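Chemist: Provided herewith is a single structure, encoded as structure tokens, for subsequent inquiry.
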Amino acid sequence: MPAPISQPDDPALLRIDGPIATITLNRPTAFNSINLAIAQKLEQLATYIEGNDAIRVVVLEGEGRAFSAGGDLQTIGAAAEANTVTPVVGELLKHYHSFIEIIRRMPKISLSSVHGSAAGAGMGLAFVTDLCIAAEDAKFTPAYAKIGVSPDGGSTVGIVGTVGSRRALQIFLAEDNFTAQQALEWGLVAKTVPATELKAATRQLAERLAQNPPAAIAGTKSLVYAATTTPVKQQLDAEEHKIIMAMNTEDFRVAVKKFTSKSK
């Protein structure tokens, strides 16, 4: 499948540099809020990345002053007034949730790079990726309860598995917003850096992640996400299967030779 060609006015842009793909949310005047157009584009880009074996890491970032303000409330509000919420929001979430599913299942590491504000579904997007790096002054705003709704956009998928049910209830129902430092302490963010260093630090972390061979990335990701819900015997069988698969790759043979030659 040929790589999608990004145009400057596309709602999401794709850039590929070696084993690293970067998706940039590109609705800066709307603070990268999620509407149908951006959801469809994200699904298209993720589908391509999933099928490209040369890509090992995908970075998600936002253009402009914010990572993402969440769902486009102008679109959703208009649908509520017109009593068309079910078809309008259903179509939006069909594509957006498909994008989230691909990000979670793809045998590649996803890394969100958060600056400014991440609110609602934008907060969910920041934490549904495998790892998150954030600017020290980034703010995370649950927002859902304030407008009388429950979380969507993968928010419970990424947050509950990391912080547990009690902390998740606190986040969604008792926090107006929280800082990058709090997110770091709760395990939602892997690293915080000054805002001026975010792009460089994101690139450095992405390059470090991309050094891992594909079999190591794919096997580790699938095992980690399955561990909390899989019976012990089944998980151990999966570990055996994944490691034997990885040991049959050239990457493993080269790494072992390098390691054993150093130990002599």
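Chemist: Tell me the residue from Ala118, Ala168, Ala138, Ala143 that is assigned by the TED database to the domain that holds Gly62, open to solvent by less than 10 Å² (accessible area, probe 1.4 Å), closer than 18 Å to Leu25 by Cβ and more than 15 Å from the chain's Cα centre (by Cα), please.
Modeler: After applying the criteria, what remains is Ala138.
Chemist: Among the residues that make up the stretch 185-203, is at least one of them free of Cβ contacts under 8 Å to residues at least 12 places away in the same chain, surrounded by 12 or more Cβ atoms within 10 Å (Cβ to Cβ) and not charged (D, E, K, R)?
Modeler: There is no residue in the stretch 185-203 that is free of Cβ contacts under 8 Å to residues at least 12 places away in the same chain, surrounded by 12 or more Cβ atoms within 10 Å (Cβ to Cβ) and not charged (D, E, K, R).
Chemist: Could you look through the stretch 219-234, keep only residues that are free of Cβ contacts under 8 Å to residues at least 24 places away in the same chain and part of a loop (DSSP other than H, G, I, E, B), and pick out the one that is most open to solvent (accessible area, probe 1.4 Å)?
Modeler: Top of the filtered list is Thr229.
Chemist: What number goes with the only condition from (1) open to solvent by 30 Å² or more (accessible area, probe 1.4 Å); (2) of a type in the set (S, T, N, Q); (3) under 16 Å from Leu93 (Cα atoms) that Gln7 does not pass?
Modeler: (3)
Chemist: Mind listing just one residue for me: the one in the stretch 25-39 that is in contact with a Ser or Thr (Cβ under 8 Å, 6 or more places away or on another chain) and either crowded, with 19+ Cβ neighbours inside 10 Å or of a type outside the set (A, V, I, L, M, F, W, C) (or both) and, of those, farthest from Glu91 (Cα to Cα)?
Modeler: Phe31
Chemist: Free of Cβ contacts under 8 Å to residues at least 40 places away in the same chain and either in a loop (DSSP other than H, G, I, E, B) or open to solvent by 10 Å² or more (accessible area, probe 1.4 Å) (or both): is that true of Ser150 in this structure?
Modeler: Yes, satisfied.
Chemist: Would you check if there is a residue in the stretch 243-252 being within 21 Å of Gly158 (Cβ to Cβ) and either exposed (fewer than 15 other Cβ atoms within 10 Å of the Cβ) or among the small types (Gly, Ala, Ser) (or both)?
Modeler: no
Chemist: Select from the stretch 94-115 the residues that are in contact with a Ser or Thr (Cβ under 9 Å, 6 or more places away or on another chain) and charged (D, E, K, R) and write down the one among them that is least open to solvent (accessible area, probe 1.4 Å).
Modeler: Only one residue fits best here, namely Arg104.
Chemist: Pull up the stretch 40-93, narrow it to residues that are part of a strand (DSSP E or B) and under 29 Å from Ala216 (Cα atoms), then point me to the one that is most open to solvent (accessible area, probe 1.4 Å).
Modeler: Here the answer is Glu61.
Chemist: Does the stretch 154-171 contain at least one residue that is within 17 Å of Ala66 (Cβ to Cβ) and touching a Phe, Trp or Tyr at 6+ places or on another chain (Cβ under 6 Å)?
Modeler: no
Chemist: May I pose another question? Condition first: of a type in the set (Ser, Thr, Tyr) and within 17 Å of the chain's Cα centre (by Cα). Now tell me which residues in the stretch 189-212 satisfy that.
Modeler: Thr192, Thr202
Chemist: Moving on to the next point. Restricted to the stretch 171-181, and to residues that are out of contact with any Pro (no Cβ under 8 Å at 6 or more places or on another chain) and open to solvent by less than 60 Å² (accessible area, probe 1.4 Å), which residue is farthest from Leu198 (Cα to Cα)?
Modeler: Step by step, filter the stretch 171-181, then rank; the result is Phe178.
Chemist: Can you tell me which of Ala126, Ala118 is closer than 14 Å to Ala66 by Cα, in a strand (DSSP E or B) and not acidic (Asp, Glu)?
Modeler: Matching residue, one of Ala126, Ala118: Ala118.
Chemist: Another question, if that's okay. Name the residue, out of Thr179, Thr229, Thr162, Thr192, that is outside the structural domain of Leu92 (by the TED database) and either more than 25 Å from Ile49 (Cα to Cα) or out of contact with any Ser or Thr (no Cβ under 7 Å at 6 or more places or on another chain) (or both).
Modeler: Testing whether each residue is outside the structural domain of Leu92 (by the TED database) and either more than 25 Å from Ile49 (Cα to Cα) or out of contact with any Ser or Thr (no Cβ under 7 Å at 6 or more places or on another chain) (or both) leaves just Thr229.
The values are calculated or read from the model by the stated rules, or taken from the named source; none is laboratory data. These numbers come from a predicted model, not from an experiment. Backbone-built Cβ (ideal geometry, glycine too); neighbour counts: all protein chains shown. With ligands, DNA and RNA removed, areas are computed over all heavy atoms of the protein, side chains included. Shrake-Rupley method; radii C 1.70, N 1.55, O 1.52, S 1.80 Å.
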